[in-house]
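Colleague: Right, I'll just put the structure down here and ask away after.
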Amino acid sequence: MHYVSTRGGGEPQTFSKILLEGLSADGGLYVPEEYPQVTTEELANMRGMSYSELAFAVLSKYIDDIPPEELRKMISETYTKEVFGTDEVVPVRELGKGLFLLNLSEGPTLAFKDIALQLLGRLFEHALARSGEELNIFGATSGDTGSAAEYAMRGRKGIRVFMLSPHERMSPFQRRQMYTLQDENIFNIAVLGTFDDCQDVVKQVNADAAFKSRYHLGAVNSINWARIAAQVVYYFWGYFKATRSNDEQADFSVPTGNFGDILAGYIAKRMGLPVRRLILATNENNVLEEFFSTGKYRPRTGAEVATTSSPSMDISKASNFERYVFDLVGRDGTRMRELWDALGSEGAFDVADSEDFARVGESGIVAGSSAHADRVRTIRAIFEKYGVLIDPHTADGVATGLRLREGGVPLICLQTALPEKFADTIREAIGREPEASARYAKLADMPERFEVFPPEAEKLKQFIAAHAR
């Protein structure tokens, strides 16, 4: 298996090579040369597998330059009851007839990002041990990626994490979860701006090829292909748990901001999983809904990005969207460069009248959005009807999924975080605080450790240079 850049530059690379790189040298994102297919026989065998076994079956199709037994060992040590609190790893709950909740938030930081990042930590450590190198992870978070990455990488040999987050734009729980970490290899940086500002700085620093090479910069956010690949697994798992036969189809409803989570579902569908539709759910920052409705992709300015009660989705520039558009344009690197040049110079591109947009329907993605009142109403309704408490991001997915679902097809809603991370909205919805996990009850009293910076790449480069080894 080899990987190519969405911008068409460079030579195809192996998995281990792109694992530590993040962005391609031409500014693009890595994707497989082609998506591996699962046969009918493979699907039948997968249905009875444990989560760890299924993860190996799927990921070994993308990772063929790590010896199989070493890969199997890393996977089996990641997806355990000790790490995720349950033997299932990802429990699936049927709320009502044909309505399922895919519980992805049983990991150390109570968010779906743990599923991929706990494995990524082991993959990084394995690769660095083989190469004798060190890695400086430089990334951005809107709330959950940062803590999941830091908890996965804390104390790991040869790894330092420099994580940008938007100053005062995360929930108090999300902020404390990150900023209270005292590990010497963790550096939290609060940026005076939005998540998009953070993401722009990461891309600007990575664009300096000499700096990136000198300080061995890598990525853990969803521009890293390994994260997407690990997320593909739970679409297979959810499908098998919500259906009785591989002759059935299923719909998935996915709350998304950076397009990584739903991209994993799109890839599972491309691999041959019987997914009928992927329902993309956004909040008030509905740039992606606009594209799937009109063919125009117009990221908003920082001032236009709304601060909402589902803050991890307060994103305007969806990094992983580039991987999807690469397929829409027939994997034409020249066409990609034209679109992204237009995005840079005009702030938007429009494919409504092109053959590219016609392929949207073939991909199975439909989109919708919800607002604060919808989230509150959905949290209350699900709690009153089923006795299940969901967080506001999951509520975006449930609200949009129920609105766009069609009868007779199982609807699997992705639960992306636990409700205790967003106590204010939960209190508004049901009139009381969500129950807090004992392991995080002490966060409020712990000292916070972070730096505040303007969104300026040069100043961040100086900080990295001063603290990297």
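Values quoted throughout were computed directly from the atomic coordinates according to the rules given, and no laboratory measurement underlies them. Note that the structure is predicted; figures quoted are calculated from it, not measured. Cβ coordinates were reconstructed from backbone atoms using ideal geometry, including for glycine residues, and neighbour counts include every protein chain displayed.
Colleague: Under the Kirkwood approximation for Rh and a Cα-based Rg, what ratio Rg/Rh is obtained for segment 92-225? Intermediate values should be presented prior to the final figure.
Modeller: Working: Rg = 15.9 Å, Rh = 15.7 Å.
Here Rg/Rh amounts to 1.02.
Colleague: Follow-up. I need the GluC sites (Glu not before Pro) found in segment 1-106, filtered to DSSP loop residues with at most 15 other beta carbons within 10 Å of theirs. Intermediate results must be reported in sequence, preceding the final value.
Modeller: On the way: sites: 21, 33, 34, 41, 42, 53, 69, 70, 77, 82, 88, 94, 106; in loops: 21, 33, 34, 88, 106.
Filter output for segment 1-106: 33, 34.
Colleague: Full-extension gain between residue 345 and residue 406, please, as 0.36 nm times their residue separation minus the C-alpha to C-alpha distance.
Modeller: My answer for the length gained is 17.9 nm.
Colleague: Report the net charge of residues surrounding residue 8, where surrounding means a beta-carbon distance below 14 angstrom and charges are Lys +1, Arg +1, Asp -1, Glu -1.
Modeller: Details: positive: 7, 323, 331, 335, 337; negative: 11, 26, 33, 322, 327, 332, 338, 341.
Counting the neighbours of residue 8, the net charge comes to -3.
Colleague: When only DSSP loop residues count, what GluC sites (Glu not before Pro) in segment 352-447 have their Cβ near at most 11 other Cβ atoms within 10 Å?
Modeller: Sites meeting the loop and neighbour criteria: 406, 435.
Colleague: Sticking with this one: How do 161, 83 rank when sorted from fewest to most other Cβ atoms within 10 Å of their own Cβ?
Modeller: With the sparsest Cβ surroundings first, the list reads 83, 161.
Colleague: Okay, next question. What is the order of 385, 296, fewest Cβ neighbours within 10 Å to most? It would help to have the intermediate numbers written out before the result.
Modeller: Details: 385 10, 296 14.
Fewest to most other Cβ atoms nearby, the residues stand as 385, 296.
Colleague: Through the Karplus equation 6.51 cos²θ - 1.76 cosθ + 1.60, θ set to phi - 60°, convert the phi angles of segment 79-96 into ³J(HN,Hα) values in whole Hz; use x for Gly and Pro.
Modeller: These are the phi-based 3J(HN,Hα) values: 8, 10, 5, 5, 7, 10, x, 8, 5, 6, 6, 10, x, 10, 10, 8, 7, x Hz.
Colleague: Which whole-number percent gives the relative contact order of segment 1-145, counting Cα pairs below 8 Å spaced six or more residues apart? Let's see the in-between values first.
Modeller: Values: 149 pairs, mean separation 23.4, N = 145.
Relative contact order comes out at 16 percent.
Colleague: I would also like to ask the following. Rounded if a/c is under 1.5, else prolate if a/b is larger than b/c, else oblate: which is segment 215-290, with a ≥ b ≥ c the root eigenvalues of its Cα gyration tensor? Numbers along the way, then the final one.
Modeller: Values: a/c = 2.90, a/b = 1.39, b/c = 2.08.
Oblate.
Colleague: State to the nearest 20 debye the size of the charge dipole of segment 327-469 about its Cα centre, where the only charges are +1 on K and R beta carbons and -1 on D and E beta carbons.
Modeller: Working: 19 positive and 25 negative charges, 150 e Å.
Using Cβ point charges on Lys, Arg, Asp and Glu, segment 327-469 gives about 720 debye.
Colleague: Follow-up question, since we're still on this one. What are the membrane-span-like helices in the chain by this rule: whole DSSP H runs, Cα extent along the axis at least 20 Å, mean Kyte-Doolittle hydropathy at least 0.0? Please report the intermediate quantities before stating the final value.
Modeller: Working: long enough: 113-131 (27 Å, 0.21); 225-242 (27 Å, 0.43); 372-386 (21 Å, -0.67).
Result, helices passing both filters: 113-131, 225-242.
Colleague: Suppose every K and R has +1 on its Cβ and every D and E has -1 on its Cβ; what is the size of the dipole of the chain about the Cα centre, in Debye to the nearest 20? Present the calculation step by step, with values, prior to reporting the outcome.
Modeller: Working: 53 positive and 66 negative charges, 146 e Å.
With only Lys, Arg, Asp and Glu charged at Cβ, the dipole is about 700 debye.
Colleague: With the contact rule set at Cα under 8 Å and sequence spacing of 6 or more, what percent relative contact order holds for segment 352-469? Walk me through the intermediate numbers first.
Modeller: Details: 91 pairs, mean separation 22.7, N = 118.
It comes to 19 percent, rounded to a whole number.
Colleague: How large is the direction-averaged shadow of the alpha-carbon convex hull of segment 374-424, in nm²? Walk me through the numbers on the way to the answer.
Modeller: Numbers: hull surface 14.4 nm².
Dividing the Cα hull surface by four gives the mean projection, 3.6 nm².
Colleague: To one decimal place, what Kirkwood hydrodynamic radius in Å is obtained for the chain from all pairs of distinct Cα atoms?
Modeller: Computed over Cα pairs of the chain, the Kirkwood hydrodynamic radius comes out at 22.2 Å.
Colleague: May I ask which of 296/317; 73/421; 17/296 have a Cα-Cα span longer than 24 Å here? Don't skip to the answer; put the middle values down first.
Modeller: Details: 296/317 13 Å; 73/421 32 Å; 17/296 34 Å.
Exceeds cut-off: 73/421; 17/296.
Colleague: List, largest first, the extents of the alpha carbons of segment 293-411 along their principal axes, each in whole Å.
Modeller: Dimensions of segment 293-411 along the principal axes of its Cα atoms: 52, 39, 19 Å.
Colleague: Also, quick follow-up: What percent antiparallel are the DSSP beta bridges of the chain, to the nearest 5?
Modeller: Here the antiparallel bridges make up roughly 25 percent for the chain.
Colleague: Let me ask another. If you filter segment 179-250 for trypsin sites (Lys or Arg not before Pro), then keep DSSP loop positions with at most 10 other Cβ within 10 Å, what is left?
Modeller: Numbers: sites: 203, 212, 214, 227, 241, 244; in loops: 244.
Those satisfying the criteria are 244.
Colleague: Find how many whole Å separate the alpha carbon centroid of segment 5-33 from the alpha carbon centroid of segment 393-469.
Modeller: Comparing the Cα centres of segment 393-469 and segment 5-33, I get a distance of 29 Å.
Colleague: Equivalent-ellipsoid semi-axes (√(5λ), Cα gyration tensor) for segment 1-121, whole Å, largest first? Could you put the intermediate results ahead of the total?
Modeller: Details: eigenvalues 164, 61, 52 Å².
Each semi-axis is √(5λ); the values are 29, 17, 16 Å.
Colleague: Using 0.36 nm per residue, how much length does the chain from residue 11 to residue 64 gain when fully extended, once their Cα-Cα distance is taken away? Provide the component values of the computation, followed by the final result.
Modeller: On the way: separation 53, 0.36 × 53 = 19.08 nm, distance 1.78 nm.
Here the segment from residue 11 to residue 64 would lengthen by 17.3 nm.
Colleague: By counting other Cβ atoms within 10 Å of each Cβ, how are 365, 426 ranked from fewest to most? Show your work: numbers first, answer last.
Modeller: Working: 365 21, 426 26.
Ascending number of Cβ neighbours within 10 Å: 365, 426.
Colleague: Same structure, new question: For labels at residue 82 and residue 248 in the simple 7 Å Cα→Cβ model, what's the distance in nm?
Modeller: 3.5 nm
Colleague: Scan around residue 140 for amide H atoms under 5 Å from its own, H built in the peptide plane at 1.01 Å from N, and keep only partners 5 or more places away or cross-chain.
Modeller: Those lying under 5 Å, H to H, from residue 140 are 164, 221.
Colleague: Return the distance in nm (one decimal) between the two label points of a simple spin-label model at residue 338 and residue 40, each offset 7 Å from Cα along Cα→Cβ.
Modeller: 4.1 nm
Colleague: Using only the Cα atoms of segment 166-216, construct the convex hull and provide its projected area averaged over every direction, in square nanometres to one decimal.
Modeller: Working: hull surface 16.8 nm².
The number I arrive at for segment 166-216 is 4.2 nm².
Colleague: Here is a further query. How big is the charge dipole of segment 256-324 about its Cα centre, in debye rounded to the nearest 20, if each Lys and Arg gets +1 on its Cβ and each Asp and Glu gets -1 on its Cβ? Mind dumping the intermediate values first?
Modeller: On the way: 9 positive and 7 negative charges, 80 e Å.
The dipole of segment 256-324 has a size of about 380 debye.
Colleague: Helix-only estimate, please: 222 nm mean residue ellipticity of the chain, summing -39500 (n - 2.57) across DSSP H runs of length 4 or more and dividing by its residues, to the nearest 500.
Modeller: Details: 20 runs with 208 residues, N = 469.
Estimated from H runs of four or more residues: -13000 deg cm²/dmol.
Colleague: Another question, if that's okay. Can you give the extra length, in nm with one decimal, that the chain gains between residue 290 and residue 73 once fully stretched, where that is 0.36 nm per residue apart less the Cα-Cα distance?
Modeller: Roughly 73.8 nm would be gained on extension.
Colleague: Also: Under 8 Å for C-alpha pairs, at least 6 residues apart: give me the relative contact order for the chain, rounded to a whole percent.
Modeller: Values: 908 pairs, mean separation 88.3, N = 469.
Reported as a whole number, the value is 19 percent.
Colleague: Does anything in segment 394-432 have its amide N under 13 Å from the 7 Å Cα→Cβ label point of residue 384, and if so which residues?
Modeller: Taking a point 7 Å out along Cα→Cβ of residue 384, the residues of segment 394-432 whose backbone N falls under 13 Å are 429-431.
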